[in-house]
1. What percent do you get for the relative contact order of the chain when only Cα pairs under 8 Å and 6+ apart count?
2. Sequence gap at least 6, Cα distance under 8 Å: using those rules, report the relative contact order of the stretch 44-166 to the nearest whole percent.
3. What ranking of 195, 176 comes out by heavy-atom accessible area, probe 1.4 Å, highest first?
4. For a quick check of understanding: with a 1.4 angstrom probe and all protein chains in place, what accessible area in square angstrom does residue 107 have, to the nearest ten?
5. Rounded to the nearest 5, what % of the DSSP beta bridges within the chain are antiparallel ones?
6. Over the stretch 139-223, calculate the relative contact order: mean separation of alpha carbon pairs under 8 Å at least 6 apart, over the residue count, as a percent.
7. If every alpha-carbon in the chain counts as one equal scatterer, what log10 I(q)/I(0) does Debye give at q = 0.15, 0.16 1/Å?
8. Can you tell me how the stretch 37-148 classifies by the Cα gyration tensor, rounded, prolate or oblate, using a/c under 1.5 as the rounded cut?
Amino acid sequence: MNKPFLALSMAHRRADAKGFVYIVDDDANMRLHTTRMLRAAHFQATPFATGADFLESLEFLSPGVVLLEHCEAKIDDVDVQAQLIDQRSDIPVIIMAANADIPTAVYAIKHGAIDFIEKPFSDEHLLNILTNVMSLLEQRIESQARHADFASRFALLTPREWEIMDALLESGTNKIAARNFNLSTRTIEMHRANIMRKLGARKFIDVIHLAMAAEIKTSIDHP
């Protein structure tokens, strides 16, 4: 189950930094070189010697990108890649592998990696990939922030307002909803106004768009 993002923006990033990168590689020389190179390129790079070490720190890490060595993606029957994707969608995975074949790359992508890079690779090649992935990460975080905002608005609705909202979405008119609940049209209008105010909707049709953005199930999803 994916946890809420620890940061819905890159607010913890240094002003001159391009983003957080986590290097998980059991090759000490490779790990040191990559860390130094990324820091020189203004990324906030943090190395980890094992996938287990990385998972232990996972909940404390800022959104960023992880460079995960293929041999560390699954250790001691612990699927590091699967746990990472399940818990932190704000840390996309780039799998690194030496002498990789096509099935290895396909498996990594099929199981959630955003990219695959074969060792040895040039610094320039890695920097180009990271630049593209960081851009996608920014979009993902912004989307998650909007989703959380919309969901928090629906959380303000009372159970009764949920029922009336569903009825209005299904029937489309105050009169039919009033008849279904044995209430006056005026009472339905008051509930409708409260619902729109809490959701920040100018028109009632906006409620449908907000529900879709927040992935909220309503009566219109169940014909």
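The values are calculated or read from the model by the stated rules, or taken from the named source; none is laboratory data. Model, not experiment: these values are computed from the prediction. For neighbour counting, all protein chains shown are included, and Cβ atoms are generated from backbone atoms with ideal geometry for every residue, glycine included. What goes into the accessible areas is simple: the full protein's heavy atoms, side chains included, and nothing from ligands, DNA or RNA. Shrake-Rupley method; radii C 1.70, N 1.55, O 1.52, S 1.80 Å.
1. 16
2. Once divided by the residue count of the stretch 44-166, the mean separation gives 20 percent.
3. Solvent-accessible surface, decreasing: 176, 195.
4. Near enough 110 Å² of accessible area.
5. 10
6. 39
7. Log-scaled intensity ratios, in q order: -0.91, -0.99.
8. rounded
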